[in-house]
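What follows is a set of notes on a single structure, which appears directly below.
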Amino acid sequence: MAEVVFSSWGGKVIDNRQGGEPEAAAFKLPGNYLDEGNVGAFMGWDGVIVLDKDVDIVTMAAEYMKRVQEKYCCAKCTPGKRGTRVMMDTLARILAGHGEESDLDTLTGLSDLLDNCKCTLCMTAARPILDTVKYFRDDYLAFLRGERKSKQAKSYRDKLTAPCMDRCPAHIDIPAYIEEIKDYRHDEALGTIRNRMPIPAVCGRVCPHPCETACRRALIDEPVSIMVLKRVASDHELLHVQEPPHKAKAPTGKKIMVVGAGPAGLTCAYYLALEGHKVKIIDMLNEPGGTVAVGIPDYRMPRPLLQREADIIADLGVEIEYGVKLGRDVSLRELKEQYDAVFLGTGAFKSKPMGVEGEDEGYNGFSEGGIHYLRKVALGEGMVTPKRVIVVGGGNTAIDCVRVALREGCEDSILVYRRTRKEMPAESYEVDDAEEENVQFEFLRNPTRLIVEDNTVVGVEVIKMELGEPDDSGRRRPVEVAGSEYVIPCDMVIPAIGQDPDLSYLEDGDYGIEQTRWNSIVTKGGTMMTDNEGVFAGGDCEYGAMTVVLAVGHGHRAARTMHRYLTEGKVYLDEEDAMEDIVNNLGVFDKEENLGIIGGLHREHQPKIDGAERAQNYEEIELAMPESQAVREAERCLRCYRVAMLAVN
Amino acid sequence: MINLKIDGKEVQIASGATILDAAETVGIKIPTLCYLKKVSPTGACRVCAVEVEGADKTMTACNTRAVDGMVVTTQSEKLSKIRRELIELLLVNHPLDCPVCDAGGECDLQDICYSQDVVRQPFGADDVNAETIDHWPLIQQVPNRCIMCEKCVKTCHETIGSSALFVNEKGDKAFVDKDLDKCDFCGNCVQVCPTGTMISKPFKFKARPWELRKTQSVCTLCSAQCQVEMHSKQGKVMRVTSEDGVTVNDGNLCVGGFFGHDYLNSDQRLTTPLVAQQETSWEIALDKVVSEVSNLREQQGGQAIAGLASPHLTNEENYLFQKLFRVALNSNNIDSEARFSSLRAAKVLNEQLKLNGASNPMDRIGTAEAVLVFGADLRSESPALNWQVQLAARKNDTRLIVANQRQTKLVKQAESFLQYRAGSEASLAGALAKLLVDKGQTDNDYLNRFVANRDELDQYLSNFDIDAACAASGVNRAQLEKAADHLGQASSVAIIIGRDVMASAQVENAVAALANLAMVSGALHGNQGGLFPIASKGNTQGLIDAGVAPEFLPGLVDYAAGKEKYASAWHATLPEGGADATGILSGIEQGTIKALFLAGTNPLVNFPESGRWRKALEKLEFLVVQDILSSDLTRLATVVLPGSASAEKRGSVTSLDQRVNKLRIAVAAPGEARPDLAIFSDLFARLTGKPEPSEKALRQEMMSLSGSYADVCQSLEQSNFCWKQAYTPENKSLTAAKPEIASPPPAEMQLLVGKCPFQFGTTTTYSAANNELAPAGVIIVNPEDAAKLGLAEGGQIKVTGPAGSASGKVMVNSMVPVGLLSAADNFTEMNIQQIIPSGSNCVAVTAKKA
């Protein structure tokens, strides 16, 4: 980034205006805004950053407050609605040369009063204004004395965000839908969610909810149950037998092929269809959902609900053809020729090897991988699960495998993981659930060798591990304890180390599509377009195996850029996209923040079927949260909106 | 429980309560402005900011939950300054039109400025003047005066369920806007508005609040009987309001209660007695009545005289009416429009369940775990029950099941919608009962204890054919099973029965089946839920209780069985026989009935076969009409006696849920009009030579003679209302019925008669406000049928049934299914009842463009 002229960001003042050895800043702000110009300054919830000394900071403050008041203030509290209005008019008066010095006291006083706001939108919007009055007082005085004329930047770019919505890869307007639930407007809440996510029944159940790790409520008690509230909104529509109100725009005549009916593909198709484009999805499976359908067991994600989400998307005019595999039944070249644009959402279905002797010998009782095991079970493809099963790995797939094995009649379902429970990448509640279902855990063990009799696996030799120094991921590296090997007998071994995309459909030449060295597709600058114009990609095939919600985020972003590609012939990021990325890079959640209020309220949990007995079937184990409880939970939301604005020179 | 300290006082309160709740329990008053108890807290005004130990910032008492160990300060210099500044901000650009503002003198903003010592304006902003919204019917919105408390928005959504209001625009330009299509024009937005933002157009500039005299009374436009305050000035009711928290309706009113009172001031009010359509004195008019009926009684006996009373009359009036006929005229030809609906249902429920009216107070609907709304358009028929259902479904996790022929507004809140075909009510209710039994979701101990013929019930249900019920009703089995599960899994069930059932030709079978379902589902047992038949009009319940029917004496006592007791109490010989409304009609046609006394009832519009009634009435030798509004009917009468509206008289009325409410006189009746009771008393004295009975004496007599009212009247003297004796059936006192199951209805186009949501009987068609919303009847047609018949929205349609034709404007709306037309019976001009056969609400019709 460019050198900082001044910054009050995060309460740390860096002032290089007087020259001397410039002090460096720790935040990440780009030096330029797309190809529009240089970033001159940035204002937001945590202060002011000036990169270009020529930016008229008073004019920028006036513009910032005008946008806060006229574009974003929800008007739902007095200090916000009227306080920012008075600030806006006061700043405008100063710019016009009609200000008085007492106006600066008014701005300061109102900044304090805005601490009483209902939410943090206007409250935090006062912060940069206060900082400008404090640190750019001479500039204000110059205006007050009539010595300066207002100078607008080339452009100003703004963005409404919140820590949760920033952290959510799909950038759902979380505070909005939570407030709608609080106000008993579940259908409107669902509408807000669908603006960014067309599969709320899925993401209301199996999302790892990174948003909740950025919930400010956690700083005073516990994070808001954001994911479950999404399910509540989605269940409300289902329970009340309502149809979604959305309608597609008039047909554009453009044809799009989406490869893969997983979360990325479905999302991309949904938003393109809403724009009026004719979308066709092909998928190699015989049902929608991709990894969600065949990789997440029904007790977590009932497939009829997934089917309903796909049906809703199909009702917008999206054609879905199942059983068609790219590279086998049709080539990318053919698709490219027949369609105006192609989206690749082919997922990551190839299991990573364990790196253990004998794993590629094709022994009986050695599963190709966790994702394969889950898929075969889900599709009823004759997978017989024996009595004693070892699953190797510590992620969500590994947990799903040990729990599915129990449901498939296995008596001893054993998870082998080379670190401890604390380091497991699986969600901790999933690990708890597995434990409750009597899954056995072998921590700090790593497989070294398969024990085979008559071409059949009868056990796994493991070596004990201990934790050493932290590695790149920040987790302590497991180190083998020499000579500690022993054998755990079993009838089946399922490696669930991870998955990679299978891009073999690009084998006939990469068709101009760049790949990473770990076999994923490269897209450019947040546009989701590959090197090959008109071919876009997103989800696991682009990022590597990741989350449903990331795939949704990709699908949505791709639909936006594809729409521009189809209608304007250009692929670019608009203000919303670009600012989303800039703010995301800067970071919105501050885990050190002192909120200045007290909490003391526990997070509400949805009821769950308890005990090991539930592991006998695939009934959903998490039950719907009653709406009254959801409203109580929604009341805990602090509505942590923030407004950011860039001055571009 | 949670312990906290507020201003040094120790407070203990239940978990979940807010700081404001906690403070209230120890008498600490925290100033509020946007807080409204009946809706979820908004936290908009921030005036209730308090200091909490450990928090640098203030926290708002209205929406911050109390936490154990919290130490709260509600008064400090810091807080006073913040509150003052917040209010100063509210006053930025607030117009200085308090002198002419509708809220002047009753404005919460004025009050809080005063109490918080807001005397200056340090803040300035550019002066902007938002335009007043004047294009909404009946309600004006002045955004300049709005403090954005959202009380209106929340009440509209959470309490009323209309969800018409919303906040539009951002920042200081934000204002409360309305989706007119969703508005029910209940006026609650006006009522809850703390400033003069939401204004009632009919009331605007009519009076200052301090000029108004307030009278506590009840609204009698429907049988829920909301508690109201009538505000009058110079002898006219200017507006009607209701107070939150202390009324059974929690301050909520509907379009009838809030706007409908205008008929009181109608220029069509009857103000002088008429004989042969000529104004005359009471003396002459009453003499005329007495001489005519005395002659008839002498010459042809009491059976030549008949009378129809009304749900518009009080309990005492209806009681005296039947006594007048039975004792003074020796005639038992008495009846009312309840004959066509509520009375028929009441007979079944009384016989089967020993139930007369609802089994519980209506607030037990809001807390029931499942609610079944059967054949009722609650928004039209009983807004107060609708608010209960809103509370239940929206806030209390209640499972709502709607069974209706039409897609009512409530359907979108239902988890089960059973859209059935006319005539299949008993099948549908029977199928639900059977499924509950089959699924083992019944309380066997309860059934064994209370049901006299448990074996017969089991046998009836075991032979019940669900598939046949599905075929008859058009409801598929999966839907039925789902609804049955909702009912079966709930520990408390409320069943609401509406007009579509109670006015139908199959009312006896349908209600019997629903009574069975009530037993089986547990609706009759326990403190929550209940069975709620919606009495069709204001005091229909009191009318039934008063014994205005040939087969009943007061208190639903069988006439033959109770005759001796009443005869001795009244020191009279009671007449034999007696004709009901249908018998009276044919009696007039056959010439056996010569004189008819209509008290507050209009067969020309309100009764099925209204055309036939018109011909019959024209044939009468002597017709007395006692009413408050002039109409085609009064023009037919030999003698017209001007009576009084409920706001103009004393007496009691009984709600659908067994509340006996006291009417108080808000204004005097116009001209020489007299309270109806005074007219009956006068006639009674003249005909019997006995002294005129007093209202109080009559009430005591009625209550002591009718079982469920016993002991009620004493408490009524001191309070606004009291309850009839609670429903407590004895062991083995309930009888399961074996209702016949109807065959599938015919395929022809049917017309269903109901009620217009904006009108109440024909009464409010004399109110300008209601007529602004619904000036004339419409016939609602499904879009497919409209296309088939070549009908367009707003065009004219003519419907013809066996009894006659009617025509009106077309409303194209998919709330009615294909093959069903729907019309309201409120409109004299359309007079849809002329094509409806007696004892029905539905008829096969041919429809065409008119």
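The values are calculated or read from the model by the stated rules, or taken from the named source; none is laboratory data. Remember, predicted model here, so these are calculated numbers, not experimental data. A quick note on method: Cβ atoms are made from the backbone with ideal geometry, for glycine too, and the neighbour counts reach across all protein chains shown. Note: accessible area is taken over every heavy atom of the protein model, side chains too, but ligands, DNA and RNA are not part of it. Shrake-Rupley method; radii C 1.70, N 1.55, O 1.52, S 1.80 Å.
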**Complete:** Here the net charge surrounding B:Y319, from other residues whose Cβ is less than 10 Å away from its Cβ (Lys, Arg +1; Asp, Glu -1), is -2
**Complete:** One finds the C-alpha centres of the range B:223-249 and the range A:570-649 to be spaced, in Å, by 46 Å
**Prompt:** To the nearest 0.05, how large is the calculated FRET efficiency for A:E361 and A:E408 if R₀ is 22 Å and r is the Cβ-Cβ distance?
**Reply:** 0.35
**Message:** With the crude spin-label approximation of a point 7 Å out along Cα→Cβ, what separation in nm comes out for A:R632 versus A:Q440?
**Reply:** 4.1 nm
**Request:** Could you tell me the accessible area of A:V13 in Å² (1.4 Å probe, neighbours in place), rounded to the nearest ten?
**Result:** 60 Å²
**Stretchable slack from B:E589 to B:D111, in nm (0.36 nm times residue separation minus alpha-carbon distance)** = 165.5 nm
**Request:** With a 1.4 Å probe on protein heavy atoms only, work out how much accessible surface B and A bury together, total over both chains, in Å² to the nearest 100.
**Result:** 4400 Å²
**Fill in**
A student applying the Cα gyration tensor rule (rounded when a/c is under 1.5; otherwise prolate if a/b is larger than b/c, oblate if not) would label the protein assembly as shown prolate
**Prompt:** For chain B, what does the alpha-carbon gyration tensor say about shape, rounded, prolate or oblate, given a ≥ b ≥ c as the root eigenvalues, a/c under 1.5 as rounded, and a/b over b/c as prolate?
**Reply:** prolate
**Asked** Ignoring ligands, DNA and RNA, what percent of the accessible area of the range B:2-90 is carbon or sulfur (1.4 Å)?
**Response** 47 percent
**Request:** Kindly report the accessible area of the protein assembly as shown per residue (heavy atoms of protein chains, probe 1.4 Å, no ligands, DNA or RNA), in Å².
**Result:** 37 Å²
**Prompt:** So how far apart, in nm, are the two label points at B:N813 and A:D472 if each is 7 Å from Cα heading toward Cβ?
**Reply:** 6.6 nm
**Item:** Acute angle (nearest 10 degrees) that the helix B:342-353 long axis makes with the longest principal axis of chain B, alpha-carbon atoms
**Value:** 90 degrees
**Request:** Please name the residues of the range B:117-133 whose accessible area, counted over protein heavy atoms with a 1.4 angstrom probe, falls by no less than 20 Å² between the chain alone and the full protein assembly.
**Result:** B:F123, B:G124, B:A125, B:D126
**Message:** Using each residue's phi in the range A:4-18, evaluate 6.51 cos²θ - 1.76 cosθ + 1.60 at θ = phi - 60° and report the 3J(HN,Hα) Karplus result to the nearest Hz, with x for Gly and Pro.
**Reply:** 8, 7, 8, 8, 10, 4, x, x, 9, 8, 10, 10, 9, 5, 8
**Prompt:** In nm, to one decimal, how far is the modelled label at B:D127 from the one at A:E507, with both set 7 Å along Cα→Cβ?
**Reply:** 8.0 nm
**Complete:** At the level of C-alpha centres, the distance separating the range B:793-835 and the range A:426-484, in angstrom, is 76 Å
**Item:** Loop-located GluC sites (Glu not before Pro) in the range B:78-133 whose Cβ has at most 10 other Cβ within 10 Å (DSSP)
**Value:** B:E131
**Message:** Pairs of alpha-carbon atoms within less than 8 angstrom and 6+ residues apart define the contacts here; what relative contact order does the range B:565-660 have, in percent?
**Reply:** 20 percent
**Request:** Hand me the GluC sites (Glu not before Pro) from the range A:390-426 located in a DSSP loop with no more than 13 other Cβ atoms within 10 Å, in residue order please.
**Result:** A:E411
**Message:** Which order do you get for A:T106, B:T132, B:T573 if you rank them by accessible area with a 1.4 Å probe, largest at the top?
**Reply:** B:T573, B:T132, A:T106
**Request:** Measure off, as a whole percent, the carbon and sulfur share of the 1.4 Å-probe accessible area of the range B:125-265, all protein chains present.
**Result:** 48 percent
**Request:** Only bridges with both residues in the protein assembly as shown count here: give the DSSP antiparallel percent, nearest 5.
**Result:** 55 percent
**Message:** For a Förster distance of 60 Å, can you work out the FRET efficiency between the beta-carbons of B:H571 and B:E618, rounded to the nearest 0.05?
**Reply:** 0.95
**Cut-off 14 Å (backbone N to label point 7 Å along Cα→Cβ of A:D54), residues of the range A:5-22** = none
**Request:** Post the alpha-carbon centroid distance, the range B:607-623 to the range B:663-699, in whole angstrom.
**Result:** 27 Å
**Request:** Quick one: net charge around B:A776, please, counting Lys, Arg +1 and Asp, Glu -1 for every other residue with C-beta under 10 Å from its C-beta.
**Result:** 0
**Asked** Counting pairs of alpha carbon atoms under 8 Å apart in space and at least six apart in sequence, what relative contact order in percent does the range B:1-135 give?
**Response** 23 percent
**Message:** From the Cα trace of the range B:336-387, what convex hull volume per residue do you get, rounded to a whole Å³?
**Reply:** 108 Å³
**Fill in**
Taking 0.36 nm per residue of separation between B:F205 and B:T582 and subtracting their Cα-Cα distance, the length gained on full extension comes to 130.8 nm
**Message:** Below 8 Å between Cα atoms, with a sequence gap of 6+, how large is the relative contact order for chain A in percent?
**Reply:** 19 percent
**Item:** Electrostatic dipole magnitude of chain B [Cβ: Lys, Arg +1; Asp, Glu -1; Cα centre; debye, to 20]
**Value:** 360 debye
**Positive minus negative residues near B:F721 (Lys, Arg vs Asp, Glu; Cβ under 9 Å)** = +2
**Prompt:** So what are the ³J(HN,Hα) numbers for the range B:630-641, from phi and the Karplus equation (6.51, -1.76, 1.60; θ = phi - 60°), rounded to whole Hz, Gly and Pro as x?
**Reply:** 6, 7, 3, 5, 5, 5, 8, 7, 6, 10, 10, 10
**Item:** Peptides B:483-495, B:411-423 ordered by average Cβ neighbours within 10 Å, highest first
**Value:** B:483-495, B:411-423
**Item:** Rounded FRET efficiency, nearest 0.05, which uses the C-beta distance separating A:E619 from B:K354 and R0 of 45 Å
**Value:** 0.55
**Asked** For B:R208, B:R477, what's the largest-to-smallest order of accessible area, 1.4 Å probe?
**Response** B:R477, B:R208
